Amino acid sequence: MLALDLGVFLRKAHVVSFREAIGWTITWFTLAMLFNLGIWH
């Protein structure tokens with residue numbers, strides 16, 4: 001996931017806005033919780 005995040009999604013260096021940071025935080029948190037749910041189940 002780190003390689004995907006750094007290699008694909010963030011190819012261009014830019015100033016990250018607050019809205020973008022919140023969006024990515026929610027995205028990665030949701031993926032982590034889905035993975036956790038899969039392990040738990």
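Read-outs throughout are calculated quantities, based only on the coordinates presented, and are distinct from any laboratory measurement. Bear in mind that the values here come from a model prediction, so they are computed numbers and not experimental data. Note that each Cβ is placed from the backbone with ideal geometry, even for glycine, and that neighbours are counted across all protein chains shown.
Descriptive notes on the structure:
- Stretching the chain fully between Met33 and Ala3 yields a gain of 8.9 nm (0.36 nm per residue, less the alpha carbon separation).
- Ellipticity estimate at 222 nm from DSSP helix runs (n ≥ 4, -39,500 (n - 2.57)) divided over the chain, nearest 500: -19500 deg cm²/dmol
- Rounded tilt (10° steps) of 18-40 against the dominant C-alpha axis of the chain: 20
- Local charge for Trp28 was computed over the other residues whose Cβ lies under 14 Å away, with Lys and Arg +1 and Asp and Glu -1, and equals -2.
- The Rg/Rh ratio for the chain, using Cα coordinates for both the radius of gyration and the Kirkwood hydrodynamic radius, is 1.08.
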